[in-house]
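Novice: First the structure, which I've put down as structure tokens, then a few questions once you've had a look.
None of the figures in this text is laboratory data; all of them are computed from the coordinates on show. From a predicted model like this one, the values you see are computed outputs, not experimental measurements. Heads up, the Cβs are rebuilt from the backbone with ideal geometry, glycines too, and the neighbour counts pull from every protein chain shown.
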Amino acid sequence: MSSPKRWTVNSGSKFEEMAGYSRAVVDGEWVFVSGTAGYNFEDGSISDDAAEQTRQSLRTIAQALEKAGATLADIVRVRVFVADRADVMDVSRVLGQTFSDPRPTNTTIVCGFAEEAMKVELEVTALKRP
């Protein structure tokens, strides 16, 4: 029996249930991953460092993509939200170290977050390869 065309992936984040969303939605070959902050959902911690928050966000995204049958290499679009313009280069370096050709598209926005501890949030779209 084939898998359903549209299904969800959850990470165990307290925010998913509270705000009524899924970490990711898989629709056919597409995977849409919600904005993912740098929280370690196993222990609820978050680093004070924007680069480490970016790495943790990518680990959470990688786990969601794996459950969806994809990898970081399948990402075609990244939206980056950063609280402080001064952190943009540190966040960008982590992304530059993570992605290789063909690199995904990227939009970076400086904005505020609901949680003061958050310095970065990443949202991605991936296309699963056959």
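Novice: Give me the compactness ratio for the chain, meaning the Cα radius of gyration over 2.2 N^0.38 Å.
Specialist: Rg over 2.2 N^0.38 Å, computed on Cα atoms: 1.02.
Novice: Once you list every other residue whose beta carbon is under 15 Å from the beta carbon of Ser11, what net charge do they have if Lys and Arg are +1 and Asp and Glu are -1?
Specialist: My count for the surroundings of Ser11 gives -3.
Novice: Which residue, chosen from Phe99, Gln53, Gly69, occupies the Cα position most advanced towards the positive end of the dipole of region 43-130, where the dipole is computed from +1 (Lys, Arg) and -1 (Asp, Glu) charges on Cβ about the Cα centre?
Specialist: Gly69
Novice: Shifting gears a bit: So how do 50-60, 90-100, 73-83 stack up, highest first, on mean other-Cβ count within 10 Å?
Specialist: 50-60, 73-83, 90-100
Novice: Now for a separate question. Hey, how many Å between the Cα centroid of region 96-130 and the Cα centroid of region 26-40?
Specialist: Rounded to whole Å, the Cα centres lie 10 Å apart.
Novice: Now for a separate question. Sorted by average packing, counted as other Cβ atoms within 10 angstrom per residue and highest first, what order do 23-36, 6-19 take?
Specialist: By packing density, highest mean first, the sequence is 23-36, 6-19.
Novice: Here is a further query. Set the Förster distance to 22 Å, then compute FRET efficiency between Asp84 and Asn40 from the Cβ-Cβ distance, nearest 0.05.
Specialist: Efficiency, rounded to the nearest 0.05: 0.60.
Novice: So, one more: Å³ per residue of the Cα convex hull, for region 1-50?
Specialist: 101
Novice: Here's something else I'd like to know. Using only Cα atoms, tell me the angle between helix 88-98 and the longest principal axis of the chain; keep it within 0 to 90° and round to the nearest 10.
Specialist: Once rounded, one gets 40 degrees.
Novice: Report, in degrees rounded to the nearest 10, the 0 to 90 angle that the Cα long axis of helix 50-68 makes with the longest principal axis of the chain.
Specialist: With both axes taken from Cα atoms, the answer is about 10 degrees.
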